[in-house]
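These notes are about the structure you will find just below.
The values are calculated or read from the model by the stated rules, or taken from the named source; none is laboratory data. What you are looking at is a predicted structure, and each value in this text was computed from that prediction instead of being measured. Cβ placement follows ideal geometry from the backbone for every residue including glycine, while neighbour counts extend to all protein chains displayed. Please note that ligands, DNA and RNA were not included when accessible areas were found on the heavy atoms of the full protein model with its side chains. Shrake-Rupley method; radii C 1.70, N 1.55, O 1.52, S 1.80 Å.
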Amino acid sequence: MAILEVNKLTKSFGGLTAVSNVSMALEEGELVGLIGPNGAGKTTLFNLLTGVYTPTSGTITFTRNGVKREIQGLKPYTICEAGIARTFQNIRLFKDLTVFDNVRIAMHKNVKYRLLSSVFHLPSYSREEKRLKEETMELLSIVKLDHKKDEYAKNLPYGEQRKLEIARALATNPALLLLDEPAAGMNPAETAELTEFISWIRERFKLTILLIEHDMSLVMKICERIYVLDYGMMITNGTPEEIRTNKRVIEAYLGEDVNNA
Amino acid sequence: MEQLLQQIINGISLGSIYALIALGYTMVYGIIKLINFAHGDVYMIGAYTGYVCMTKFQLGFLPSLLIAMVVCALLGIIIEKVAYKPLRNATRIAVLITAIGVSLFLEYSTMFVASANVRSYPPMEGLLSKTFKIKNITISMHQIIIVIITLLLMVLLQFVVKKTKTGKAMRAVSQDRDAAQLMGIDVDNTISVTFALGSTLAGAAGVLVGVYYNSINPLMGTMPGLKAFVAAVFGGIGIIPGAMIGGYIIGIIEVFVSGYINSMYRDAVVFAILILILIVKPAGLLGKNTREKV
Amino acid sequence: MKNIFERDWVRKLFSLILTFVVIQILISTNIINDYLQATLATICINIILAVSLNLITGFTGQFSLGHAGFMSIGAYTCALITMRIPTIYGFILGVFSGAILAAIVGVLVGLPTLRLRGDYLAMATLGMSEIIRIVFENLEITNGPAGLNGIPRFVNWTWLFILTAGTVLAITNFLKSSHGRACISIREDEIAAEAMGINTTKYKVMAFTIGAFCAGIAGAVYASYFYFIKPNLFGFAKSIDILVIIVFGGLGSISGSILSAILLALISTYLQSFPEIRMILYSLLLIIIMVFRPQGLMGSKEVSLSVFSKLGKMFKPEKGRE
């Protein structure tokens, strides 16, 4: 069953059409890659999926627990509540907060006490805070960041910052996880470890994952299917093997001349 | 009809002052994205310099005006070097707080030196004191001088910004500071020049206001400063023609509110306009909307 | 048995009672005379104002220059009510109505303007508070620019203490809750916060409204203690005063705000006869802090009350270890 269906999605900024008539579908449990040359509109597509931008036209349908819902144009926090979480191309952690707080804040939507309780610290506050603390610690130990829980996010090494951003996204309890260039700036060893980590969290949290990545070793290794975007248009999709040999993909990356020659 | 014309003339005179101050706001904002809170106080210092020139040194109107402009230009450069330059990479809030600090410093230092008393400019003599009457409409020579000098300075500014090398550098730095630096533009120097130019205009406005309203005090810069800021936002902050148009519109609106509604509410109306623009079209009349990149 | 001084709330309660009793004794023995009592009232009012502005600016990251506007709403409401009902019940009613009215205006102003970022928000809130001031200057019921005189005084040290400690505790509690953390995450990175499921508009308005509510309380206390108010007491300069306190104490530090409110009030009292010098000092302070120590006195750190825990151990050293 499709968890995410994108139908004829278009986004124009003034005269520039960044995403044009894009359609795609993700099946539940899939791990799908989204590739394309720089400026192809990949991040814009992510921003449309997560509500940062409102599409000019087209629909996005998200299905969780059998409930279908059109989510295009909703606010980012509503989309997050619906069950789509993301990371950012240029890491956006809460830098001056601890690792622990970064994750705990992302659990906010599941907190069940009200303003009055938070001002007066009523019993519901203590109960919920205790649960929150336990769940945060649990998640941190799953991703093996528990020993750094009191470290400020900005003081983590780069690789762990990426990992923390993924952990923070997981804390929102998503069904679909969008990763925007998770391996950017990593060396081959770190990329290999991240590759493992991504496939592992998919199993552990029963996730569907869509990831943007330029590192082909990662994409080809773990993605079951790949979508290719060029000049805002979805030019093809298929298995890594199909994509590797697809003529239009090679053109998109190497330029038109290949065709003319 | 005659009353309307009279109001428009008064509005244009007042608007000229706002436009002159607003230009400084807009140029500084354009280049370092700072609301230079101290700008209104540079204008106040201009008024005081003119006052000192005219009373202590018995100079005429034009020499006083020129000296005030030079003094303010220097002041602008010093403020930038001492208070803002060390904060080039700080958050915008930090720089804004510093600007508020500079503003208070100028106000209360002046108060300390020159006392809080209101002082009155010496009356102009000869041609400068004349008024003209056409039917029931009065135009004073002051008003004519304000408008002429303002227009002259604006033309000069447009020339500097559009035609000279320095102007080109200013526009380049406001587009992209790092890229400008890589192209061999001395960014610090360019920012200093921008402050100097903006402050020169504010200094001129100070002397003109002294002559027009005849009274000055150390806190005189706050309100016109804020209104000029409103004018700059109205026209689209960072855009030079926007500041001019904004200045004139705010001046005319203010005079109209005083004339036809209630002068007690004229400041409130200007602030209400500010809030409205910020909410409805924060980019201003001539500006384009931009969005933070994710 | 666990040392009871290791419990957070016991420490808090203990230090609060201690503060209250010590100052009460000092007042009863006239060591804190009438003149110093006025300083004490100023300190308490400034603590309420600073802590609540810190919630908006230091913790939620929304730069407001209009705090004095909310304060004036509280002051006028309380004054007008207690002048008609000059009893302690009138005063209580006045404080609450003032705070609630300020909060309502806070919501009305916050909803449209909090979409603005940084310096634009600062200008919008400044404009708002100037409008409030001008309205008070023109209303008949508020007696125009001359203001209201002879407001009955109900505020004594007990009231000052209850209201100040109450606001500070409420705000610190709020900040330690999930709602408070949501506010802090907005300061850290608004886009990321929204992507993590936080309704940023809601929490910005919430912080702004709580801040306005507390500023309303501070205004009410001011009116009742100093029995005279006029519109230009609550102008731009007052907003700047509060800003100086939180910048000096550290944006994002409650204890910093409190320390700084005390320190600056003492400096002001000392410099009372030289108002210009005071303002010159303030302005230099702002510039120097921003250039050399932008994080302020305390940064975003808090003074901890663990001293009392150590004291507690001294009282019963053996049992405390178990």
At each listed q (0.08, 0.10, 0.14, 0.15 Å⁻¹), what is the log10 of I(q)/I(0) that the Debye formula gives for chain B modelled as equal alpha-carbon point scatterers?
-0.33, -0.52, -1.03, -1.18
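Could you give the C-alpha radius of gyration of region B:116-239 expressed as a fraction of 2.2 N^0.38 Å, taking N as the number of residues it contains?
Numbers: Rg = 18.6 Å, N = 124, 2.2 N^0.38 = 13.7 Å.
For region B:116-239, the normalised Cα radius of gyration comes out at 1.35.
Please label the shape of region B:47-172 as rounded, prolate or oblate, based on the square roots a ≥ b ≥ c of the eigenvalues of the alpha-carbon gyration tensor (a/c under 1.5 means rounded; beyond that, a/b larger than b/c means prolate, else oblate). Please report the intermediate quantities before stating the final value.
Numbers: a/c = 2.32, a/b = 1.41, b/c = 1.65.
Cα axes put region B:47-172 in the oblate bin.
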Å³ per residue of the Cα convex hull, for region C:1-100?
173
Cβ neighbours within 10 Å from other chains - mean over B:270-281
5
In Å, descending, principal axis extents of the Cα set of chain A:
72, 41, 35
Partner lysines for A:K144 [C-alpha distance under 20 Å; skip if fewer than 8 residues away on the same chain]:
A:K95, A:K133, A:K154, A:K163, A:K206
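What is the mean projected area of the alpha carbon convex hull for region A:53-98, to one decimal in square nanometres?
On the way: hull surface 18.7 nm².
It is 4.7 nm².
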Among beta bridges that DSSP assigns inside the protein assembly as shown, antiparallel share in %, nearest 5:
65
With respect to the cross-link table entries A:K112/B:K288; A:K112/B:K33; A:K42/B:K162; B:K227/C:K238, which display a Cα-Cα separation exceeding 31 Å?
A:K112/B:K288; A:K112/B:K33; A:K42/B:K162
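If you put +1 on each Lys and Arg Cβ and -1 on each Asp and Glu Cβ, how big is the dipole of the protein assembly as shown around its Cα centre, in Debye rounded to 20?
On the way: 79 positive and 61 negative charges, 229 e Å.
For the protein assembly as shown, the charge dipole is close to 1100 debye.
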Of the residues B:I139, B:I100, B:I279, which exhibits the maximal mean-square fluctuation in a Gaussian network model of chain B defined by a 10 Å Cα contact cut-off?
B:I279
Given the options A:E213, A:E241, A:E181, which has the most mean-square fluctuation in a GNM of chain A, springs set between C-alpha atoms less than 10 angstrom apart?
A:E241
At 1.4 Å probe size, what's the solvent-accessible area of C:L251? Round to the nearest 10 Å².
50
Leaving ligands, DNA and RNA out of it, work out the accessible area of B:Y121 with a 1.4 Å probe and give it in Å² to the nearest 10.
10
Shielding by partners - mean other protein chain Cβ count within 10 Å, residues of A:74-82
5
If we restrict to alpha carbons, what Rg and Dmax does region C:85-149 come to, in Å?
15.0, 44
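Quick one: work out Rg over Rh on the C-alpha atoms of region A:161-261, Rh as Kirkwood radius.
Numbers: Rg = 15.2 Å, Rh = 14.9 Å.
With Rh from the inverse mean 1/r over Cα pairs, Rg/Rh is 1.02.
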Simple label model, 7 Å out from Cα along Cβ direction - B:N117 to C:L18, nm:
5.4
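Based on DSSP H assignment, which helices of chain C show an axial Cα extent of at least 18 Å together with a mean Kyte-Doolittle hydropathy greater than or equal to 0.5? Walk me through the intermediate numbers first.
Numbers: long enough: C:8-28 (30 Å, 1.56); C:34-53 (28 Å, 1.56); C:67-84 (26 Å, 0.85); C:88-113 (37 Å, 2.10); C:118-138 (31 Å, 0.64); C:157-175 (27 Å, 1.53); C:200-226 (38 Å, 0.93); C:236-249 (20 Å, 2.07); C:254-270 (24 Å, 1.84); C:275-292 (25 Å, 2.04).
Once both thresholds are applied, what remains is C:8-28, C:34-53, C:67-84, C:88-113, C:118-138, C:157-175, C:200-226, C:236-249, C:254-270, C:275-292.
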Of all the Cα-Cα pairs you can form in region A:67-222, what percent are over 18 Å apart?
61
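Would you mind calculating the relative contact order of chain B from Cα pairs under 8 angstrom and at least 6 residues apart, reporting the percent as a whole number?
Values: 478 pairs, mean separation 107.7, N = 294.
Computed value for chain B: 37 percent relative contact order.
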Going by accessible area, probe 1.4 Å, with all protein chains left in place, what is the ranking of A:K109, B:K130, largest first?
B:K130, A:K109
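What number, in percent, do you get for the relative contact order of chain C if the mean sequence gap of Cα pairs under 8 Å and at least 6 apart is divided by its residue count?
In percent, rounded to a whole number, it is 32.
Compute the relative contact order of region A:103-261 as a whole-number percentage, counting only Cα pairs closer than 8 Å that sit 6 or more residues apart in sequence.
Values: 130 pairs, mean separation 24.7, N = 159.
Relative CO of region A:103-261 lands at 16 percent.
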Cα-derived Rg to Rh of chain C, Kirkwood definition
0.98
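Starting from the Kirkwood Rh over alpha-carbon pairs, what translational D in µm² s⁻¹ does the protein assembly as shown have by Stokes-Einstein at 20 °C and 1.002 mPa s? Please list the in-between numbers first.
On the way: Rh = 30.3 Å.
Stokes-Einstein gives a translational diffusion coefficient of 71 µm²/s.
Efficiency by 1/(1 + (r/R0)^6): what FRET value for A:K75 and A:T239, r their Cβ-Cβ distance, R0 = 35 Å, to the nearest 0.05?
Result of the calculation: an efficiency of 0.50.
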Can you put B:S13, A:S23, C:S28 in order of accessible area, largest first, using a 1.4 Å probe?
C:S28, A:S23, B:S13
Along its three principal axes, how long is region B:228-294 when you only count alpha carbons? Whole Å, largest extent first please.
47, 22, 13
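Using a 1.4 angstrom probe on the protein heavy atoms only, could you order C:R117, C:R293 from most to least accessible area?
On the way: C:R117 130, C:R293 105 Å².
The ordering from most to least exposed comes out as C:R117, C:R293.
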Using a 10 angstrom cutoff on alpha carbons, build the Gaussian network for chain B and name the most mobile of B:K56, B:K227, B:K281.
B:K56
Residues of region C:116-153 with backbone nitrogen within less than 17 Å of a virtual label 7 Å along the Cα-to-Cβ line of C:T87, please, listed as ranges.
C:152-153
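Determine, from the Cβ-Cβ distance of A:E27 and A:R114 and an R0 of 60 Å, the FRET efficiency 1/(1 + (r/R0)^6), rounded to the nearest 0.05. Let's see the in-between values first.
Numbers: r = 39 Å, r/R0 = 0.65.
With a Förster radius of 60 Å, E is 0.95.
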Anisotropy class of region B:5-110 from Cα gyration tensor, a/c 1.5 cut
oblate
Inverse mean reciprocal Cα-Cα distance (Kirkwood Rh) of region B:102-151, Å
13.9
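What translational D, rounded to a whole number of µm²/s, comes out for region C:97-187 from Stokes-Einstein when the hydrodynamic radius is the Kirkwood one over Cα pairs, at 37 °C and 0.692 mPa s? Mind dumping the intermediate values first?
Working: Rh = 16.4 Å.
So the translational diffusion coefficient is about 200 µm²/s.
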Rounded to the nearest 10 Å², the 1.4 Å probe accessible area of C:L111 is 100
